[in-house]
Structures are given as structure tokens and as C-alpha cells.
Amino acid sequence: MANKLSIRAKIALYFYRGLYALCMIPAFCIAPILGKFSRRVKEGFNDYFGNVKSPSIFKKPVLWVHGVSMGESMVALGFAKELRKTYPESTILFTTTHPDVIKDVKKKELADAIAYFPLDNYRAMNKIFNRWQPNAIFVAETDFWPEFSHQCRQRNIPLMLINGRISSKISSFYSKAKGMAEIVFGSYSYFALQSREDADRLLELGVPLDKIQILGNMKADFTHTNQVNLSEVSSWLNNRKSVVFGSLHPEEFDMLLPLFKKLVDNNIAVIIAPRNISLAQEWKDQLHKDTIKVCCKTQIEDSDILILDTIGELASVYKLSSVSFVGGSLDHNKTGGHNPLEVLQQKVPLLMGSYYRNFTDIVEQLKSVGGITIIENANQAFEEIIKILTNESIANKMVNAGNEVLESNQGVVVKTLEIAKKIINN
């Protein structure tokens, strides 16, 4: 790995450090106030400044795995488990920015040390690298930080992107900030990417071809349903046809409200899973105002709509549906779509909106073989749902096509591990 930066990159690094330091002054002042309202700030205050806890014993190799949010952490944790199997005597370190992921990793003891990802300034990053002294680092999907990357470069620590995605926004930003692009992407040893589009964007940013591998989407290997008892939900359905709306955002709920009413009027049961379960009661109250019989999963009663106000059950609930819609895909390109692989695994016809950049490669594969229906609004969604529910051959074709795409994307974790072994054993 080259340690020297160009003059342009050095200027960019010093500018970044200076700007970050200026931003830290007001942030540090309001941190105690934010800590009263933010679980992330309260729990992660020490971690953010690099004051992370270390394992009592370090066994070689020391492997640091990072997943920024829920989706990325699913991949990161799955990959960490595979690393543990491959290197049973290793030390696994894990970082994230999501408090629920922190809680889950601690509960299941999936890592030897876990922390919130530090602030990307020199002092915080220098501290965590000195304390953890990793032999290799693996970042899941998309989370790029100049100081973090530079520390890897300076210390000659192999850095690898797993299940990588390079969004148009990231590509656009770094194409204009060439110095920053050199700092970040020049510090990586390998990029294991989901699609050709991701590879093309990296090539345009000057990443050498020999650092890039197109492997597919690792989530196809890690999309597994927890064993959840859904007998109450099954009884609530009472053999009715049903539609599950998974991981909905507030804007999508408002857009689809007329659809919920139409489905209920046609004796079709509706299950709604908010992306943020704190919205469950608010949505229940809103549906009540429209004289719709509705209940929550934690208090099931006779109704036409059930709102899932629990965590970790959505993937299983998809199995009970006749058709499923995956949210985060109608919200004007703010989110980029949530995981459609969970629906494919349950062998259920799949609908999404037209904003699916987080899963572009998978969705495009599904579109090409008729394994998904893309909808733009509530009226179109109603027409497509009725078409699927009343035509078994259409439903079966979608399920079979989806299963083919799912199977074609499996095995990515094994290919990724082969690359990881090269940098770990080097």
C-alpha cells in the first residue's frame, strides 16, 4: 500500500482536519444537552473520542469489522461470524453507529469488543487505532471517512470494502474532490462490489482495476429469518388474502393511505410495518380517524389492519402475505429502498417503488426476469395487487423468477472470504 500522498491530497487532508476541528467546538459544547435526548450520544460519548474498551486478551489476527447502520451491520455481522469460523483464534472488533446493533452484538457476544464508530478526527482515530491495533479492517457496503482511511494508509493496515456500493452521490462528490478521493479510495487494498455500476464509478475515480472485484450482493447469503412464533398473526388473518407493507416511512404511509382503504373494502387484510416502530401508535390513531378497524401486533384484536410494533419479526411476517411491498422506495429518492431479499426468501410476490438505489443490481435482475413489479402510486399499486391476487400464474411466475435471482446471488460471502484471506495472511 502506498504511504505517500500527492500535494493535492495533503492539502485536502489538512483542510479537512482544520474544518473538522472547527465544527467540533460547538458540537462539544452542546453534547451534554444532546445526551439527554439522544441514545447514541449518551451511550457512545466516550467511543466517539476514541476511548473505546479493548478486549482483555488480544489474539492474532486482530480483525476490525464496521457496519454503519442496520442494513450494513447485517452484512458486517454475518461476515464477522464467517471470519470467526475461518480464524477461530482471532480477535473480532466491531463498530457501528446504531444503538440497536450495539445492543444485539453485546447480547449475543458476537465480538470481543464493540464500540460506536469514533468521530473522524485525528485524535479520536489515533486513539482507537493505538488501542485496538488491527491487522485488517473490513467496511460493509458504504461508509467512507478520510481520517479513518488515512490512518490505515499510514499504518499499512489492509482495508477492504465488502459488499460495496458506490452511490451516485458519493461518486459525484469525490469526482469533484480529487484530493479527498485519493485519501479515501487510495487507502483501500480491495473493493468487493455488488455490481458493474459500482465498479465503473470507482474506475472513474481512479481506482486501479486490480483492486476491484464484482461479486454480487452478500445479503443473499445473510438474509435468514429468525424463528418467530406468528400463530397469533395467522389466527388474525383467518385465511384472508393479505398484503404486507414492510419498512414504511411516514411519507409512504401518507401516499398509500388510499390504498389501505381500497384493500380493506375488498376484504384483503393489511399488515403495516413502520420503519420506525415509534410511529405505530400515531399511524393506528390516524387509521382509526378514517373509521378503519386497526390493531397493533402487541395487542391483537379483530380488525382489518394490523400494525407491526415489534422488532425483528418483519422478515417472518412476509411469509404470511399473499403479496409484499418493500418500503423506502417511494420516498422521492431519500432512502433508496430497503431489503427485497427478505421477501424473495419467503417466496412471495414482490412490489417496490421506483427508488431502489440501495439494491439496484438485485432489482434490475428481478425486472429483467419478471420477478418484481415496480409501482409509482397508490392507484397503480392497487391494480397490480389485484392482478397478482386474482391470477395464480402471475404470482407463481414472479415467485419462481425471484427465487432464481436469489439463488444466483448466493455464495458471495465465500468469494469475499477468499480475498480477505489474502490480505490477512499476507
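Every read-out reported here was derived from the displayed coordinates using simple, explicitly stated rules and does not represent laboratory data. Quantities reported herein were computed from a predicted structural model and do not represent experimental measurements. So basically every Cβ, Gly included, is an ideal-geometry build from the backbone, and we count neighbours across all protein chains shown.
Some notes on this structure:
- Additional length obtainable on full extension of the chain from L209 to E407, 0.36 nm per residue less Cα span: 68.6 nm
- Positive contributions from Lys and Arg (+1) and negative ones from Asp and Glu (-1), summed over other residues with Cβ under 12 Å from the Cβ of K219, come out at -4.
- Charge-dipole axis of region 50-206 as Lys and Arg at +1 and Asp and Glu at -1 on Cβ define it, positive-most pick from F58, I92, V105: F58
- Relative to the longest principal axis of the Cα atoms of the chain, the long axis of helix 378-390 makes an angle of roughly 70 degrees.
- Subset of K241/K293; K42/K127; K211/K415; K169/K415; K241/K319 violating a 22 Å alpha-carbon distance limit: K169/K415
- Debye intensity ratio I(q)/I(0), log10, the chain, q values 0.06, 0.10 Å⁻¹ (C-alpha model): -0.28, -0.76
- Computed from the C-beta positions of R39 and E392, the FRET efficiency with R₀ = 45 Å rounds to 0.45.
- 29 Å Cα-Cα threshold exceeded, pairs from K219/K422; K107/K422; K297/K367; K4/K421: K107/K422; K297/K367
- Likely footprinting exposure, C152, C23, fewest C-beta neighbours within 10 Å first: C23, C152
- Theoretical FRET efficiency, 1/(1+(r/R0)^6), r = Cβ-Cβ of A27 and K106, R0 35 Å, to 0.05: 0.85
- Magnitude of the charge dipole for region 231-408, about its Cα centre and with charges confined to Cβ atoms of Lys, Arg (+1) and Asp, Glu (-1), is about 220 debye.
- Of the beta bridges in region 231-408, as assigned by DSSP with both residues counted there, near 5 percent are antiparallel.
- Helical runs (DSSP H, four residues minimum) scored at -39500 (n - 2.57) apiece and divided by the length of the chain put the mean residue ellipticity at 222 nm at -15000 deg cm²/dmol.
- Multiplying the residue separation of Q299 and K334 by 0.36 nm and subtracting their alpha-carbon distance yields 9.4 nm.
- Computed from Cα positions, the angle between helix 280-289 and the longest principal axis of the chain comes to roughly 30 degrees.
- Part-to-part distance (alpha-carbon centres) for region 226-264 and region 296-312, which is given in Å: 9 Å
- Linear extension gain, F15 paired with S69, 0.36 nm per residue minus alpha-carbon span: 16.7 nm
- Nonlocal amide H pairs with D143, under 5 Å, H built at 1.01 Å: none
- Other residues whose C-beta falls under 15 angstrom from the C-beta of I268 contribute a net charge of +2, scoring Lys and Arg +1 and Asp and Glu -1.
- C-alpha long axis of helix 360-369 to longest principal axis of the chain, angle in °: 40 degrees
- Summed residue charge, Cβ within 12 Å of L406's Cβ, Lys/Arg positive, Asp/Glu negative: -2
- Taking 7 Å steps out from each Cα toward its Cβ at Q133 and V369 produces label points 4.9 nm apart.
- F173/S235 FRET efficiency (R0 56 Å; Cβ-Cβ; nearest 0.05): 0.65
- For region 408-423, putting each phi into the Karplus relation 6.51 cos²θ - 1.76 cosθ + 1.60 with θ = phi - 60° gives couplings of 5, 9, 7, x, 5, 4, 5, 5, 5, 4, 4, 5, 4, 4, 4, 7 Hz, in residue order, rounded to whole numbers and with x for Gly and Pro.
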